[in-house]
Amino acid sequence: MITPAFELTQDPDFLTVKIRVPYARASEFDIYFEGEDFKFYAKPYFLRLTLPGRIVEDGREKASYNTDEGTFTIHLPKEVPGQYFEGLDMLTSLLAPKKSRSAKLLVEEMAASAELSEENEEEFDWEMEQIPYEENPPPLQHPYGFGNLRSGVFQRLQDELSDVIDIKDPDQTPAEERRRKRLEAEAAKFEPDHYLADFFEDEAIKHLLKYKPWWIDAHKKMTALQGESHQEHDSPAFVVFSEEEREQMRKFTNKSYLLDKRSRRHVYLGLIDILLAYCYEICVNEGDKNVESSWNIRKLSATLCWLEVSFSSIHDVLVSFGRRVLCYPLYRHFELVTRAFNDTVMILQLGKAAVLKCLLDIHKIFMESDPAYILNDLFITDYCIWIQKAKSKKLAALCESLQKTTLSKSHMGLELEELEAAAVLVQEEEKALKAAGTVSKQQLLCSESETSDSEESSSTSSSETEGSDSDEQESSTSEDGEINSFQGTLQEERTAPLIGCNGLRQGADASAMEVRDGKSKVSLQSTTPPGKLVEELEMQIQSAMRLSEQPEGLATAGCISQEQEENPVPEPDRFSEDAAGKENFLEVSPKPNPLLFLCSTNEDDD
């Protein structure tokens, strides 16, 4: 038999069942309903539902068939008008037979059969041979999976599943050791540079935070409706399942779970952990699926990635999720942790229909990812079946507890606040250095401009100076020419004796006149004296003129006295005596003296 596609809706007075049976014979169908049971048959389709409320056959029921769509629409009166039927979207739960909705009976039957076997057992032989006990315990099996109901899975599939989970050999690893290894791996993986880069350059993060998934609008509608009326409404009024999602639910095998108190606690905490990872994935990819979607969900959930079963509180779940967000994915920002937290609260407030819709999406993502599909068998499929039977009040209490839990950066254990403070301090120092560098650069530019201006002015003045120097050089060149010619004349006269002891030679007067004329000529050509040489020449000429007017005896003494006046510094004797001792000659002065006088004491030598 084929289970047809179906959909249930309700109003205050009727429950409506819409069944799609293409290619069925509309003339041959049977419908049965009483109390909580509903059955439909149209070859080759068969549908049996266990309803969450009671219906009654009172003449108001009716059915119709649409030949174009191939669907039956059946309206069934409610036994109590106005009663709200909860969980009409939980298709897997509705398909379960009434007697198998609880596993309690199976447990009782197993216990009874055990007692019966003990009664039928033969009498115990107390004289049987006793063998000393040898301790050879089987390898420890540490459970994991939904409700800690699985073990030994990874022993057979270790090679295939090494990329799915981070823990190695989970069957031999106790829960506490898993937790310790997980914390060590997170601490080693945390990168401060990556975190600070996302903290300061958060344009992409702000853009992602603007995305609004479907549950935000549904939550707004629910809040608005609850504000108008105090009547309690379930999420099916705001959550709509697609046909593909309905098909997923029909394919699930109905199960009942016998969970103790501790296992139920782990199931609820694991549900929060998985939903947090899913909300992060939807936010950062803006609702689109990609090849990283499966990796994001399983990597951020310690329940899936490390088979974590040691969560002691909701706060532990939030801390684990927050640490993993800051260590593994592409976007590592604390605002994304807060956003996933708020989204999870909204989903839980919408009820188990919204939770189921998210779990079905996760199931689809893992089914399309190899080898992540194993996580469906370990967790997600069981969650999809279990949530349909979960009590709405317990889910609401879980949501309330989650909403009251607080989470801050200091809880992460990664010194986030200290890192941020240090980074802000470094940033301020860099800004200060940059500002100082800008000021110094401006000052350097100003000094360079001033230097260029001074260089321009100095080049202008130097050009002017070069012009004046060239003029002076030309004048000095002409003056030097006159002086050189004058010195040449004096040099010719120096080779002959000018003054004797008895008086002057006949050419002395003419030479003196020429010297006067030369001096006057030089003075007329240049107003600036050529230097000390000219002054010495003037003094020597004046001395020569005075000597020309003095007697013979005084001339010799005047010559000597004049030499002493011009050279007051002690010098070596200027007269040298030859071997005969007859004549004394005047030595050449170390200074450039144009006039050298030769004195002789012997009048006959003239």
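The values are calculated or read from the model by the stated rules, or taken from the named source; none is laboratory data. Bear in mind the structure is a predicted one, so any value in this text is a computation, not a measurement. Cβ sites come from the backbone with ideal geometry, for glycine too, and all protein chains shown count toward neighbours. Areas reflect the complete protein model, heavy atoms only, side chains present, ligands, DNA and RNA absent. Shrake-Rupley method; radii C 1.70, N 1.55, O 1.52, S 1.80 Å.
The table for this structure:
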item: Theoretical FRET efficiency, 1/(1+(r/R0)^6), r = Cβ-Cβ of Ala197 and Gln83, R0 56 Å, to 0.05; result: 0.45
item: Three-way shape call for segment 5-88 based on the alpha-carbon gyration tensor, with the a/c threshold at 1.5; result: prolate
item: Heavy-atom accessible area order for Lys168, Lys393, largest first, 1.4 Å probe; result: Lys393, Lys168
item: Which of Leu271, Leu425 is most accessible, then next, and so on - probe 1.4 Å; result: Leu425, Leu271
item: With DNA, RNA and ligands ignored, accessible area of Tyr373 (1.4 Å probe; Å², nearest 10); result: 80 Å²
item: Virtual spin-label span in nm between Ser312 and Leu149, 7 Å along Cα→Cβ; result: 2.8 nm
item: For Tyr32, net neighbour charge (Lys/Arg +1, Asp/Glu -1) across residues whose Cβ lies under 12 Å away; result: -3
item: FRET efficiency for Lys221 and Tyr23, using Cβ-Cβ distance with R0 set to 51 Å, rounded to 0.05; result: 0.85
item: Fraction of accessible area attributable to carbon and sulfur, segment 5-88 (%, probe 1.4 Å); result: 46 percent
item: Chain lengthening between Glu429 and Ala204 when straightened (0.36 nm per residue, less Cα-Cα); result: 78.4 nm
item: Length added when fully stretched, Glu400-Lys181, from 0.36 nm per residue minus Cα-Cα; result: 75.7 nm
item: Greater than 21 Å apart at Cα, pairs in Lys18/Lys364; Lys221/Lys352; Lys168/Lys299; Lys62/Lys357; Lys210/Lys431; Lys261/Lys393; result: Lys18/Lys364; Lys62/Lys357; Lys210/Lys431
item: Cβ-based net charge around Pro4, under 15 Å, with every Lys or Arg adding one and every Asp or Glu removing one; result: +3
item: Tyr32, Tyr41, ranked by accessible area, largest first (probe 1.4 Å); result: Tyr32, Tyr41
item: Distance between modelled label sites at Ser408 and Ile2, nm, 7 Å Cα→Cβ extension; result: 6.2 nm
item: Theoretical gain in end-to-end length, Ala63 to Met367 [0.36 nm per residue, Cα-Cα removed]; result: 105.6 nm
item: Order by protection proxy (mean Cβ within 10 Å, highest first), peptides 215-225, 315-325; result: 315-325, 215-225
item: Rounded FRET efficiency, nearest 0.05, which uses the C-beta distance separating Glu286 from Asn254 and R0 of 35 Å; result: 0.50
